[in-house]
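First comes the structure, then the notes that go with it.
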Amino acid sequence: SQRELSRKNFIEHCERLTVEDEKKFKELFSRVGLSVDWSLEYSTISERSRRIAQYSFLDLHQKGHLFQVSAPTLWDTDFRTAVAQAELEDKELPGAYHDLEFQIVGGGSFVISTTRPELLPACVGVATHPEDERYRHLIGKKARVPLFDDEVPIFGSELVQKDKGTGILMVCTFGDQTDVQWWREHKLELKQIIGKEGRLLPRQFSTDSANQFYAGVVGKNVKQAQKAMVELLGEQGVLKGVPKPITHAVKFYEKGDRPVEILTTRQWFVRLLDQKENLLKAGESIQWTPPFMAARFKNWTENLGLDWCISRQRFFGVPIPVWYRLDDQGLPIHEAVLIPRVEQLPVDPTTDCPDGFTESQRGKAGGFIGEQDVFDTWFTSSLTPQLGTGWADAPALHESLFPMSMRPQSHEIIRTWAFYTIAKAWLHEKKIPWKNIVISGWVLDPERKKMSKSKGNVVVPSQFIEEFSADAVRYWAGLARFGVDTAFDPGIMKIGRRLATKIFNASKLVLSMSAESGTISHPLDLALIEKLKGLTQRAGQSMVQFDSAQALMEVERFFWTQFTDTTLELIKSRGARRSGETAQDQTSAVMTARLVLKTLLKLLAPFMPFTCDEVWRWDFEKTDGPLHRASYPQVADFSLIPSGDATIHDLAISALQAVQAKKTEAKVSVARPVESIVFKVGESQVDAFRQVLTDVASAMKLQNIRIENAGEVGVTIESIEFGPDLKAQG
């Protein structure tokens, strides 16, 4: 059951509820490993947020960027509030063209084809293209509105599409934004027949017959009125032929169930139409990832047709901080706006009093009345950078942090969150809010359909964290490309879990090795470090360019193909000093394995923070401190290590993989010794290959090795003979 609450008490009630909801979100965010400074959290309805949002209003008002006016406004009849252009979305709906015969004052007639016959009582004009030969002779004359007998002007406009409908159309107050434009340009009469609840309002016409016709539709909702009007037009012979079915785009408020209407209401607006060039320049000053997303911002800004309506007829929200003086009849003087002092913020005009007045004067002639409306949600959300940097609270901190570095967000709110945030930063300080904006896609269901509660296809990370681990979920997310929708795929999480397991196992092997201190000097080890330098440079460049998916793929590929399944196999014998290697060779192997592991843990840490942190704590934290406070790897980290020849490492891997392939082909185990083998190596690479031959021989149990020159660069096997299966004999 509903009961009345003051706005203050309602906010308190909502805050208690959101505290409980936030606990669940925090738990999930922590489990999935998001890096969050919880000391900076805020809610858009908190006292501090209300104060900063109202401070924004006062600043915009002082700078002349605000105005209020009674004017045609986008209106949602379900929520019974004004909405902004950015909150609209098009939905394809069935409709029909209805051909209506209009009479020309002075003789003659023409046919208008309309999809909204219920707006006929609000017809205030007729428009045609000035170059349309069919109707050009009508411009300047008047038409009589069928059934309702109003005489309305016929005028020319290049906005009319000659090939749409019959090429001549009725102008109503208001069917769409073009009607608003014509109404203003031609100073047409205002006949608003749709009310705030979406029903047709009472109206008086000049004839009894017109009033009688209108009585059949007044009080009905739009859909009911349309049906009744079509029947009435048919009965009176105005409707020509049968309606022609079509499917067309209809504008809806993004949360509404019925099409938006355009009603004349008094609202507060932020001037944006006169700022288009500045906003376009601001957008160009920001680095967009992916770059093509900048076009969405540009297209939206260029095609903006309305100033930003920021007032909403809602109960819950940040109050607009103004009062109005009342005249001698007790009516508000909207031009006499009373503004609070900054130190008074936040205020609620419905309960607080302006300076110089007492509560006893509220609502009384000569007194005051508080603004009932609240801000559009985006009016506060567009201040995210200012809320984070201490604007209006800590000016010095704000100055040092603003503009911020990067905004991550999804693509469908470029026209709202991104656009309004850029607009606010420009209007307040003539700055951009951040240097970079990174646009993500949506997560789609496995059939690549958008997730929604109504479809029952929404999934949350919790169950998959339990099943695969948080790092496996992050791995799946890390492979998503920015700006591209990603299908949900638990199979990718399985791969992520396998990677986490391999990190643990490989790390155990590396950290089990030990050797005397020394330097990295073995040719194979130096070659691997040379490759690691390249990986570090490529991954770092990808991360700087916000191409984290590419960085993850590069690092993961290196982890499997250059380290765990190859290099560790090649050097583990040397690291254990089992084949007569020198102490220095052993030291080089162990130090290389540890350096590569440490670097890979840092490179993988953004994607698999828990796994990498766990391994890091086993050993490296003692000397290097916490992993997630370490700097991201740089090529300069390897400056003290001599340069190596990366092709030497390629030769070793080629030989290793060639022998493994031969064993697989012969269906023998990897541990099966090779009694004799002949390698064919490119003539220019023989000396290099000999430098890694000992490691290859130890890893694959090779004996009686012969090397022959080959015409082509690379390593192949000319012949191979396997020794006895010692395991089977044993």
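The values are calculated or read from the model by the stated rules, or taken from the named source; none is laboratory data. In this text the structure is predicted, and so the values were computed from the model without any measurement. Every residue, glycine among them, receives a Cβ derived from its backbone with ideal geometry; neighbour counts consider all protein chains shown. Note: accessible area is taken over every heavy atom of the protein model, side chains too, but ligands, DNA and RNA are not part of it. Shrake-Rupley method; radii C 1.70, N 1.55, O 1.52, S 1.80 Å.
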Integer Hz, Karplus 6.51/-1.76/1.60 couplings in order for the stretch 56-73, x for Gly and Pro: 4, 4, 4, 5, 5, 5, 5, 7, x, 8, 10, 7, 10, 7, 8, 7, x, 9
Alpha carbon Rg of the stretch 95-160, scaled by the compact-globule rule 2.2 N^0.38 Å: 1.06
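Counting only other residues whose beta carbon sits under 9 Å from that of P609, what net charge do I get with K and R as +1, D and E as -1? Please report the intermediate quantities before stating the final value.
Values: positive: R474; negative: D471, D613.
Spelling it out: positives minus negatives among the neighbours equals -1.
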C-alpha center-to-center spacing [the stretch 561-575, the stretch 300-317] in angstrom: 62
Relative contact order of the chain, defined on C-alpha pairs under 8 angstrom at six or more residues apart (%): 10
Gap separating the Cα centres of the stretch 211-287 and the stretch 1-76, nearest whole Å: 30
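Taking 60 Å as R0, compute the FRET efficiency from the Cβ-Cβ separation of D489 and V111 and round it to 0.05. Display every interim value, and only then the final one.
Numbers: r = 56 Å, r/R0 = 0.93.
For D489 and V111, the calculated efficiency is 0.60.
Skip the ligands, DNA and RNA, and give the accessible area per residue of the stretch 30-106 with a 1.4 Å probe, whole Å². Display every interim value, and only then the final one.
Values: 3530 Å² over 77 residues.
That works out to 46 Å² for each residue.
Using the structure shown, list the pairs from K508/K598; K141/K187; K598/K622; K23/K455; K494/K572; K24/K435 with a Cα-Cα distance above 21 Å, or answer none. Don't skip to the end; give the middle numbers.
Details: K508/K598 13 Å; K141/K187 16 Å; K598/K622 13 Å; K23/K455 27 Å; K494/K572 28 Å; K24/K435 32 Å.
With Cα atoms farther than 21 Å apart: K23/K455; K494/K572; K24/K435.
Which value results for Rg/Rh of the stretch 661-712 when Rg is the Cα radius of gyration and Rh the Kirkwood radius based on the inverse mean 1/r?
On the way: Rg = 11.9 Å, Rh = 11.9 Å.
Reported Rg/Rh, Kirkwood definition of Rh: 1.00.
Could you put K162, K680, K667, K23 in order of accessible surface area, largest first, with the 1.4 Å probe and the full protein assembly present?
Working: K162 90, K680 55, K667 180, K23 115 Å².
I get K667, K23, K162, K680, largest accessible area first.
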Rounded to the nearest 10 Å², the accessible area of K141 at probe 1.4 Å: 90
Contact order relative to length of the stretch 412-494, as percent, for alpha carbon pairs under 8 angstrom and 6 or more apart: 32
Two-site label geometry, Q703 and D176: point separation in nm, points 7 Å out along Cα→Cβ: 8.7
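Calculate what fraction, in whole %, of the accessible area of the chain sits on carbon and sulfur atoms when a 1.4 Å probe is rolled over the protein chains.
On the way: 18100 of 35680 Å².
Roughly 51 percent, rounded to a whole number.
Treat every Asp and Glu Cβ in the chain as -1 and every Lys and Arg Cβ as +1, leave all other atoms uncharged, and give the resulting dipole magnitude about the Cα centre to the nearest 20 debye.
Computed charge dipole of the chain: roughly 740 debye.
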For H411, solvent-accessible area (1.4 Å; no DNA, RNA or ligand), Å²: 20
Base-10 log of normalised Debye intensity for the stretch 519-627 (one unit scatterer per alpha-carbon) at q = 0.13, 0.14, 0.17, 0.21 Å⁻¹: -0.52, -0.59, -0.85, -1.16
Other-chain or far-sequence residues with amide H under 5 Å of V484's (modelled H): G441
Calculated FRET efficiency for the pair S639/S676, C-beta based, R₀ 41 Å, to 0.05: 0.40
Karplus-derived HN-Hα couplings along the stretch 387-402 (A = 6.51, B = -1.76, C = 1.60, θ = phi - 60°), whole Hz, x at Gly and Pro: 5, x, 9, x, 4, 6, 10, 9, x, 5, 5, 4, 4, 7, 10, 10
Between the stretch 504-531 and the stretch 143-196, the alpha-carbon center distance in angstrom: 80
Quotient of Cα Rg and 2.2 N^0.38 Å for the chain, N being how many residues it contains: 1.36
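Based on the Cβ-Cβ distance from Q372 to K63, what FRET efficiency comes out when R0 is 30 Å, to the nearest 0.05? Display every interim value, and only then the final one.
Working: r = 25 Å, r/R0 = 0.83.
Efficiency, from the Cβ-Cβ distance: 0.75.
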Net lengthening on full extension, K244/S684 (0.36 nm per residue, minus Cα-Cα): 150.4 nm
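Which length gain, in nm to one decimal place, applies between R578 and Q329 when the Cα-Cα distance is subtracted from 0.36 nm times their residue separation?
Details: separation 249, 0.36 × 249 = 89.64 nm, distance 10.28 nm.
Computed gain between R578 and Q329 is 79.4 nm.
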Distant-in-sequence amide H partners of V124 (H built 1.01 Å from N, under 5 Å): V171, C172, T173
Ellipticity estimate at 222 nm from DSSP helix runs (n ≥ 4, -39,500 (n - 2.57)) divided over the chain, nearest 500: -11500 deg cm²/dmol
Residues whose placed amide H lies under 5 Å from that of K220, excluding near-sequence neighbours: L200
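With every protein chain present, what is the per residue accessible area of the stretch 297-370 (1.4 Å probe, Å²)?
On the way: 3490 Å² over 74 residues.
With the other protein chains kept in place, the stretch 297-370 gives 47 Å² per residue.
In terms of the Cα gyration tensor, with a ≥ b ≥ c the square roots of its eigenvalues, is the stretch 480-545 rounded because a/c is under 1.5, prolate because a/b exceeds b/c, or oblate? Present the calculation step by step, with values, prior to reporting the outcome.
Values: a/c = 4.01, a/b = 1.58, b/c = 2.54.
Oblate, since a/c reaches 1.5 and b/c is not below a/b.
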Inter-label distance for L511 and K449, nm, one decimal - labels placed 7 Å from Cα along Cα-to-Cβ: 4.7
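For the stretch 612-730, rounded, prolate or oblate, judged on the Cα gyration tensor with a ≥ b ≥ c (square roots of eigenvalues), a/c < 1.5 rounded, else prolate if a/b > b/c?
It is oblate, given that a/c is not under 1.5 and a/b is not larger than b/c.
Over all alpha-carbon pairs in the stretch 75-203, figure out the percentage whose distance exceeds 26 Å. Mind dumping the intermediate values first?
Details: 1849 of 8256 pairs.
When every Cα pair of the stretch 75-203 is considered, 22 percent fall beyond 26 Å.
Return the percentage of antiparallel bridges among DSSP beta bridges fully within the chain, rounded to the nearest 5 %. Don't jump to the answer; show the numbers that get you there.
Values: 62 of 84 bridges.
Bridges in the chain that DSSP calls antiparallel: roughly 75 percent.
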K431 paired with E89, simple spin-label distance in nm, labels 7 Å along Cα-to-beta-carbon: 3.4
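Only Cα pairs under 8 Å and at least 6 apart count here; give the relative contact order of the stretch 58-114 as a rounded whole percent.
Details: 38 pairs, mean separation 10.4, N = 57.
Over the stretch 58-114, the number comes to 18 percent.
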Sequence of V19, V250, V145 when ordered by accessible area, the most exposed leading, probe 1.4 angstrom: V19, V250, V145
From the C-alpha gyration tensor of the stretch 411-455, square roots of 5λ in Å: 32, 11, 5
